[in-house]
1. Using a 7 Å offset from the Cα along the Cα-to-Cβ direction at both I13 and Q99, what is the distance between the two label points in nm, to one decimal?
2. Give, in nm to one decimal, the length gained when the segment between Y36 and S214 is fully stretched (0.36 nm per residue of separation minus the Cα-Cα distance).
3. Determine which residues of the stretch 249-263 fall in the zone a paramagnetic label at N134 would reach in this model, i.e. backbone nitrogen under 14 Å from the point 7 Å along Cα→Cβ.
4. For each pair in K34/K366; K103/K286; K366/K386, compute the distance between the two Cα atoms and list the pairs where it is over 22 Å.
5. Express in nm, to one decimal, how much length is gained between I482 and R115 on full extension, taking 0.36 nm for each residue of separation and deducting their alpha carbon distance.
6. Going by amide H atoms built from the backbone, whose H comes under 5 Å of the H on Y322, apart from near neighbours?
7. So between D494 and A20, what do we pick up on full extension, going 0.36 nm a residue minus the alpha carbon distance?
8. What is the calculated FRET efficiency for L282 to W435, with r their C-beta to C-beta distance and R₀ = 56 Å, to the nearest 0.05?
Amino acid sequence: MQKTLFIKLSIIIGLCILFAVGLSMIQSLVYERKNYASSVIQEISTQHVRPQELMTPFIVIPTTVTPECHEVQTSTQANEQKKDCKEPYTHLIPVLPEQTQAKQNLNVSTDTYQRGIYHATSYKGTLNFSQQYNIKANLSPDDIHNLYLQTGIKPRQNTNSPTVDAVTTNDTPQQSDRIDKHFNDIQLIIPVSDLRGVSQLPTVTINNQEISASYPTTPLLLGINYVTVNLPASVLQNGSLQVQISLPLVGISEIQTIPLGQHFDLNINSNWHAPNFIGDALPNEKNFTSQGFDAHWQNQYLTINNNQTLTRCLHAPLQTCYIEAQYNTDNGSNTEEVNDFIHLNSFGVDFAEPNNIYLQTQRTMKYALLLILVSFGTFFLFEIIKSTRIHPIQYVLVGAALLVFYVLLLPLAEQVKFWQAYAIAAGACVSLIGWYAYYILGSVKRAAIFTALLSGLYGAFYGILTTEELNLLLGAVFCFIILAAVMYMTRKIDWYEIA
């Protein structure tokens, strides 16, 4: 008898190991379906529209700098000198807004972009920017010099030493350099990472004067896509600009905003109930209601840091600085001569699906081995306590039925809601195993006890899955309760006598 008990336990342990291997195979199927769904969403992004990354609109003044010629010594003799004249170069003078109020009203849907049973979470809405600028139409060299000092750029050294380059194009021009400002080409830049999501050009109102936006004919900035507004001289006369921008936008999955200016405030409200806040800063305030959520950002440090980084990039000669956007669609730009790649801070929202079926299926499978152990352990106790004989083949069939639950759960969850798929798969497997248990255990009462136990396990596991923040704690408590129950039920068994 002792040998028979040892063999039976060895068989049960071996079956558990075998089913663990089967679970790993099912889990690989879940990963495969998950990766395929991700590839479909990537295809939708490529063919339609990508996640959007926006930058605060700002004004640029194209400027040509002609450095002053300097006398440099060509040999050890003091009287042998020549003039060193550097080539003129063009850069952009940024004028950042003093105040920006940004509002994003987004309607999120999962029905816009679909490929069979797969879909991408898309959003559509209107972005409103309310900005204030203070710009002079007659910037002097001192004004330009002070503008760059405010952004943290050090002035260029003024020296006639032959060992020091008289013109360093990545520094501030000197007051003595000739500066030609092209005010006829002054522009308002409205950056949008994927212009395919802009259904129509934005409406721009400056000092109560509506001005048309257009696509740039000759891009001034590398790495970002944008629409531009040419500012007429009439709006620059008093120097104070009140800018209102209404931008219709479509995107998928997530949206991020890069803050610029002296004071930046962002408000996002949406009908989505499960936002995931992403980026370099969380919202200062957030509110969740039955209609969706509302979030507010204001981070002065990130804004000032972006101001300095962007100004350094725009001050470089044109086509030598590249702005690395997270979702860049400007793949045709020639970046061979680029010597500076910059990254700007951003924050925003990821419209994650609250019921990710692949994630929930993976979480469900974490308790699969415990379910098999409890089922096999219950049968084994019936063998010990009630002297019921159960063949290893019957263990195999019951274990296979438990594995079929996960095979059913995944494809059902891709067609219907997860809780419905869980209920259908669990109900089918519990009914099958309960019916089969009647013939194994030879008693309606015993089969009913086992069926009720199995149903309770599936119900408890689903309850643990739905409490995302406490699932680990509840899972640990549940395992403890099961272990305590087994120890209580077997406390009076004399295992030596049974052997």
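1. 7.6 nm
2. On the way: separation 178, 0.36 × 178 = 64.08 nm, distance 3.84 nm.
Fully extending the segment from Y36 to S214 adds 60.2 nm.
3. Under 14 Å, as judged by backbone N against the label point of N134, lie 262-263 of the stretch 249-263.
4. Checking Cα-Cα distances, K366/K386 exceed 22 Å.
5. 127.8 nm is the gain from fully extending I482 to R115.
6. D340, F341, I342
7. This chain segment gains 167.6 nm when fully extended.
8. About 0.60, to the nearest 0.05.
Coordinate-derived values only; no laboratory data. All values derive from a computational prediction rather than experimental measurement. Counting neighbours? That spans all protein chains shown, and the Cβs are built from the backbone with ideal geometry, glycine included.
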